[in-house]
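Step one of this worksheet: look at the structure below.
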Amino acid sequence: MAFLNALFTAALDNNLVFAQLVGMVSVVLVAGRPQDSWCFGGMVAVATAVAGALGWPLYTQLLQPWGVAYLAPLAYVLVSWTAIVVIATVLGAGKTVAERERLLRTCPIIACNAAVLAVSLGNAAAAETLTWDAALGSSLGAGLGVLLAVVLFAFVRDRIDERLVPAALRGLPITLVTASLMALAFTGVAGIAGGLFV
């Protein structure tokens, strides 16, 4: 039950993109290209889940006992970067050289994304009271929540006709207005998903 509660709470109630606004960089990056939202969102989701799932035992079993907990952000970036490079290599198999290079160029951006670091650091901050299954559920849920938010936002943003938007709001301003409205929608369901498995 702790796993399911943490999974749904992280995915819907405490969504890193809309409820906490930590992963807004992901949304802004794919706002102009919804066709890349599944690939980019999936890479961020896997990096978030892997960094959180591997970061918790790394922190509790290695960094904290040895007294080098201050190295946690660097360790999380390295773990997520390794996972992202593996994913980009698998996704790039059978594609052109330009597409593979584009995928590999996004690896450092995704690895250093605030959403990826937020889950790992959040799990490390609650390491005293968090169990492994709750940390795993939180990590997977945060990854699924980021994927859901990135894909939904990209397709909503694609439906906006820029010609109907006032000139002063075109581009980044309408992107931020759209993100704030979606954040309001996610906040409206806060408390529902996590309360299902209490």
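The values are calculated or read from the model by the stated rules, or taken from the named source; none is laboratory data. Note that the structure is a prediction, hence the values are computed from the model and not measured. Quick reminder, even Gly has a Cβ in these numbers, built from the backbone with ideal geometry, and neighbours come from all protein chains shown.
Miscellaneous remarks
One line per residue, one yes/no per condition, for (1) surrounded by 24 or more Cβ atoms within 10 Å (Cβ to Cβ); (2) of a type in the set (Lys, Arg); (3) free of Cβ contacts under 8 Å to residues at least 60 places away in the same chain:
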residue	(1), (2), (3)
LEU4	no, no, no
LEU7	yes, no, no
GLN20	no, no, no
VAL27	yes, no, no
GLN35	no, no, yes
GLY42	no, no, no
THR48	yes, no, no
LEU78	no, no, yes
LEU91	no, no, yes
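- Scanning segment 93-114 for residues that are free of Cβ contacts under 8 Å to residues at least 40 places away in the same chain, in a helix (DSSP H, G or I) and β-branched (Val, Ile, Thr) yields a single hit, VAL97.
- Taken together, ASP158, ASP133 contain a single residue that is more than 21 Å from VAL28 (Cβ to Cβ) and either at pLDDT 85 or above or part of a helix (DSSP H, G or I) (or both), which is ASP133.
- The condition of being polar (S, T, N, Q) and either under 21 Å from VAL146 (Cβ atoms) or under 15 Å from the mean Cα position of the chain (by Cα) (or both) holds for only one of THR60, THR82, THR96, that being THR82.
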